[in-house]
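Working notes for the structure below.
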Amino acid sequence: MSWPCARSFPAIHRESHRRNLRNPTDIHKFAHATCEVVLQSLGRPYDKDGEVASKGKVADMLMGRLKEHDFFKRPIPRSASRLDFGSSYLDRQMEEFSHLSTEDLLATLTEFAAYAITRSITDSVKMLSEISVIMASGRGTRNHYLMSRPREYMPRGLRLTTSGEFGVPAQFREAIKFATLAYATVNQLANNIPAASGATRFGILGKLVQLPRHAKGVTEYAAYGVEPTWP
């Protein structure tokens with residue numbers, strides 16, 4: 001076991017609790033948090049272009065363990081519960097596979113992220129045979145090594161690219177997503193997808209909070225010598 005990797009395991013345990021990973025919303029937090037802390041032990045904020053991961057070898061036993069998780073056996077749509085990929089699961093895996101080098105650990109977790117992404121696509125998209133291009137967006141698209149791995153699991157003829165190819169910069173994903181949700185809420189448009197979340201019906205998500213200075217009828221208070229108070 002290399003020294004940087006040995007240093008990382010106690011840090012992973014502390015970081016997993018600090019980040020409240022006992023209640024994750026998806027399986028990517030498991031790989032992301034683990035990779036991030038390992039890289040911190042190497043003095044790197046992130047694995048630029050997957051440089052460290054690309055030098056490692058995927059650990060078949062750990063990869064098999066991750067792929068056989070009960071999460072993947074659940075019917076679609078599925079989401080991770082608070083105990084699936086939380087800190088207790090993280091601790092067990094790190095203890096059992098503490099012999100792995102930093103490079104091998106990152107290579108395995110990167111491979112698992114690629115597998116989980118493509119597995120989600122192939123399991124959830126019913127009309128996949130009619131699709132020729134999959135667009136990726138977000139910060140992960142800057143990791144060239146990670147972007148190269150999903151192609152190993154995708155159906156033949158399905159091309160992976162970034163949203164930038166179609167005029168939408170990949171780094172704007174979060175801003176566009178929440179602006180779209182906000183627009184729908186303000187205009188009373190359904191902004192959930194029951195088929196993806198398991199909801200029983202369409203609905204309007206979010207809450208509209210008006211600014212106090214936008215209140216109308218305030219001048220009436222002045223006529224009675226009363227100053228309006230805001231909660």
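The values are calculated or read from the model by the stated rules, or taken from the named source; none is laboratory data. No experiment lies behind these values; they were computed from the predicted model shown. Every residue, glycine as well, gets a Cβ built from its backbone with ideal geometry; the counts of neighbours run over all protein chains shown. All accessible areas refer to the heavy atoms of the entire protein, side chains included, with ligands and DNA or RNA removed. Shrake-Rupley method; radii C 1.70, N 1.55, O 1.52, S 1.80 Å.
Annotations for the structure displayed:
- Straight-distance crosslink candidates among lysines, where the alpha carbon sits under 29 Å from residue 216 and sequence neighbours closer than 8 are dropped: 207
- Once backbone amide H atoms are built at 1.01 Å from N, residue 162 has 136 as its partners under 5 Å, excluding neighbours fewer than 5 places away on the same chain.
- For segment 84-189, the spread of Cα coordinates along the three principal axes comes to 53, 35, 27 Å, biggest extent given first.
- Computed from backbone phi, the HN-Hα couplings of segment 59-67 come to 7, 4, 5, 5, 4, x, 4, 5, 6 Hz, rounded to whole numbers (Karplus: 6.51 cos²θ - 1.76 cosθ + 1.60, θ = phi - 60°; Gly and Pro given as x).
- Cα→Cβ-extended label distance, 7 Å offset, between residue 68 and residue 180, nm: 3.8 nm
- For segment 74-140, the fraction of C-alpha pairs farther apart than 17 angstrom is 61 percent.
- Cleavage-rule hits, trypsin sites (Lys or Arg not before Pro), segment 108-150, DSSP coil, Cβ neighbours within 10 Å at most 14: 126
- Cα convex hull of segment 38-111 - mean projected area over all directions, nm²: 5.8 nm²
- Rounded, prolate or oblate (a/c below 1.5 giving rounded, otherwise prolate when a/b exceeds b/c) for segment 157-197 by Cα gyration tensor: oblate
- Listed peptides 187-195, 105-113, 87-95, 168-176 by packing density, highest first (mean Cβ within 10 Å): 105-113, 87-95, 168-176, 187-195
- Ranked order, 214, 69 - accessible area, probe 1.4 Å, largest first: 214, 69
- Accessible area of residue 165 (1.4 Å probe, protein heavy atoms only, ligands and nucleic acids ignored): about 100 Å².
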